[in-house]
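The structure under discussion appears below in the form of structure tokens.
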Amino acid sequence: MAGQEGQCPTCGNQITIPILDRYGRLIDPNTKLIIKQDPHPVHTYAAAGDRAPKIVRGADGVQSIVCVRCGARSPIAANNCKGCGMPFTMEGTTAEAAGASNGFCVSALVLGIIGIPGSCAVLPSILAIIFGIVGLRQVSRHPGASGRGMAVAGIICGAIGCLSANFFWYHIL
């Protein structure tokens, strides 16, 4: 939609959608000058029509953004939906802003996989279980976060690694 006319879903004014250059800068299509990005989240979806996030004002007068994907309410300055992670702004499209996989969950899975064939060293398996539990707790506190499956798989692989290490050391000694 860059360079085209559209209607702002917030204020209803007719606007020209800025162009994003290869360096990530916004360029005014009319003047060809670099413009400072408007910090208001929904301007990213200026011409999206019914796909644009809706801004609502609560009974306390505070504005929030209602996600069109999941219906969750997020703070007006949010780059992503707090419920499902849908981006509201250009900054919200980066992996870390969108709630990419939790590092503890990924670590749990990797350590759990390493712990099974390396059962003579029980440490990776134990760490997989610990990181998996920490990752599960973090995912449960953040509804839009992902990684639950990796954490569970890491805990299971870690448990299998601990059992095989126990078997290995019992029969060696």
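If you take the residues in region 56-113 that are farther than 30 Å from ILE126 by Cβ and among the charged types (D, E, K, R), which one is modelled with the lowest pLDDT? Before you say what the answer is, go through the steps one by one.
Keep residues of region 56-113 that are farther than 30 Å from ILE126 by Cβ, which gives 56-94, 97-98.
Still in the list and also among the charged types (D, E, K, R): 57, 60, 69, 73, 82, 91.
On the way: ARG57: 87, ASP60: 90, ARG69: 79, ARG73: 87, LYS82: 77, GLU91: 61.
Within region 56-113, the match that is modelled with the lowest pLDDT is GLU91.
Please find, within region 77-88, the residue that is nearest to the chain's Cα centre (by Cα) out of those that are buried (at least 16 other Cβ atoms within 10 Å of the Cβ) and aliphatic (A, V, I, L, M).
MET86
What residue, of ILE129, ILE116, ILE156, is modelled with pLDDT under 90 and β-branched (Val, Ile, Thr)? Write out each step before concluding.
Numbers: ILE129 fails: modelled with pLDDT under 90; ILE156 fails: modelled with pLDDT under 90.
Result: ILE116 is the single residue among ILE129, ILE116, ILE156 that is modelled with pLDDT under 90 and β-branched (Val, Ile, Thr).
Considering only region 144-166, state which residues are buried (at least 17 other Cβ atoms within 10 Å of the Cβ) and not in a helix (DSSP H, G or I).
GLY144, ALA145, GLY147
The values are calculated or read from the model by the stated rules, or taken from the named source; none is laboratory data. All values reported here derive from a predicted model rather than from experimental measurement. Note that we place each Cβ from the backbone using ideal geometry, even for glycine, and neighbour counts take in every protein chain shown.
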